[in-house]
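Peer 1: If you scroll down you'll find the structure; I have some questions about it.
The values are calculated or read from the model by the stated rules, or taken from the named source; none is laboratory data. Note that this is a predicted model, so its numbers are computed, not measured. With ideal geometry, Cβ positions are generated from the backbone for all residues, glycine too; neighbour counts draw on all protein chains shown.
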Amino acid sequence: MDCVSHVPPTGAPNRPKPAVSVEQPLAIDRVQPAEAWAQTGGIASWLIAQGFGPQSAPVAILSGDSPERALFFFGALRAGVLVASVDFASLDHALDTIEPALVFAQDSRTYGAALDRAQARGARIVTADGKRGLALAALAACSIDAAVAERRLHITADTPAEIQFTGPSGAPGRRPRTHGDLAEFAAPPAILAGGNG
């Protein structure tokens, strides 16, 4: 079900944190602020409903650090999707290498040409400003589906989480970081505490 078409954005989500018992806490379990938990859960719910997960094509992010980038990143991780962080210099190489099915961009105008290239290759578009493709706020307003808690049971420390395409060569900076690698950090970025709205 595509919740974007029928769930209005909410100013103060009051959705409960799904109870999931896991052996090893991961970074995705530490998205503590209630609003950030609800918003990343809504994004994860939408992604799962669209068929995204550990076996799907990756999603790509075109954005510097921002609250919206953090929300999308952790929402995708909660859905179990491999996230490719891409800069301008490596966009074409990344598109050829990973063939993302969806690209998130912070700003429709700044990343317009990149989004054109991604869309021409069949990728769906999500933007923080909502001026192109789907608006991130609409995804974040989706209700947290039980599928998110169920998906968490299948995300382990060895599940691939992120690959970074940076530098002039466009080559991946290193092997994909796993959820276990991300768990070594103390907590998700502090900017998540601010949410996106």
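Peer 1: Which numbered condition trips up ILE125, out of (1) in contact (Cβ under 8 Å) with a residue 40 or more places away in the chain; (2) under 19 Å from PRO67 (Cα atoms); (3) touching a Lys or Arg at 6+ places or on another chain (Cβ under 7 Å); (4) not hydroxyl-bearing (Ser, Thr, Tyr)?
Peer 2: (1)
Peer 1: Can you tell me which of (1) at pLDDT below 95; (2) in a helix (DSSP H, G or I) is the one ARG151 doesn't meet?
Peer 2: Here ARG151 clears every test but (1).
Peer 1: Based on what the data block shows, is ARG69 charged (D, E, K, R) and within 14 Å of ALA105 (Cβ to Cβ)? Spell out the reasoning first.
Peer 2: Values: charged (D, E, K, R): yes; within 14 Å of ALA105 (Cβ to Cβ): yes.
Taking the combined requirement at face value, the residue satisfies it.
Peer 1: I'd like the full set of residues that are surrounded by 24 or more Cβ atoms within 10 Å (Cβ to Cβ), part of a helix (DSSP H, G or I) and free of Cβ contacts under 8 Å to residues at least 60 places away in the same chain, limited to the range 74-88.
Peer 2: Result: ALA76, single match.
Peer 1: Name the pairs whose Cβ atoms lie under 6 Å apart, with the first residue in the range 162-184 and more than 17 Å from ILE61 (Cα to Cα) and of a type in the set (Lys, Arg), the second surrounded by 13 or more Cβ atoms within 10 Å (Cβ to Cβ) and modelled with pLDDT of 85 or more, and 6 or more positions between them or separate chains?
Peer 2: Matching pairs, first to second residue: none at all.
Peer 1: May I ask you to list pairs of residues, at least six apart or on different chains, whose Cβ atoms are under 6 Å apart, with the first in the range 47-68 being in a loop (DSSP other than H, G, I, E, B) and the second being basic (Lys, Arg)?
Peer 2: Correct list of pairs: SER63/ARG69.
Peer 1: Between a residue in the range 128-142 that is in contact (Cβ under 8 Å) with a residue 24 or more places away in the chain and any residue that is in a helix (DSSP H, G or I) and among the basic types (Lys, Arg), which pairs come within a Cβ distance under 9 Å, given they are 6 or more apart or on different chains?
Peer 2: So the pair list comes out as ALA128/ARG69.
Peer 1: PRO100 is checked against (1) outside any helix (DSSP H, G or I); (2) at pLDDT 95 or above and fails just one. What number does that condition carry?
Peer 2: The failed condition is (2).
Peer 1: Moving on to the next point. Among the aliphatic types (A, V, I, L, M), at pLDDT below 95 and under 14 Å from the mean Cα position of the chain (by Cα): does that describe LEU91?
Peer 2: Working: among the aliphatic types (A, V, I, L, M): yes; at pLDDT below 95: yes; under 14 Å from the mean Cα position of the chain (by Cα): no.
When the stated conditions are applied, LEU91 does not pass them.
Peer 1: Oh, and also: Within the range 94-111, can you find the residues that are more than 17 Å from GLY51 (Cβ to Cβ) and surrounded by 14 or more Cβ atoms within 10 Å (Cβ to Cβ)?
Peer 2: Filtering the range 94-111 for residues more than 17 Å from GLY51 (Cβ to Cβ) gives 94-97, 105-111.
Matches in the range 94-111: ALA94, LEU95, THR97, ALA105, GLN106, ASP107, SER108, THR110, TYR111.
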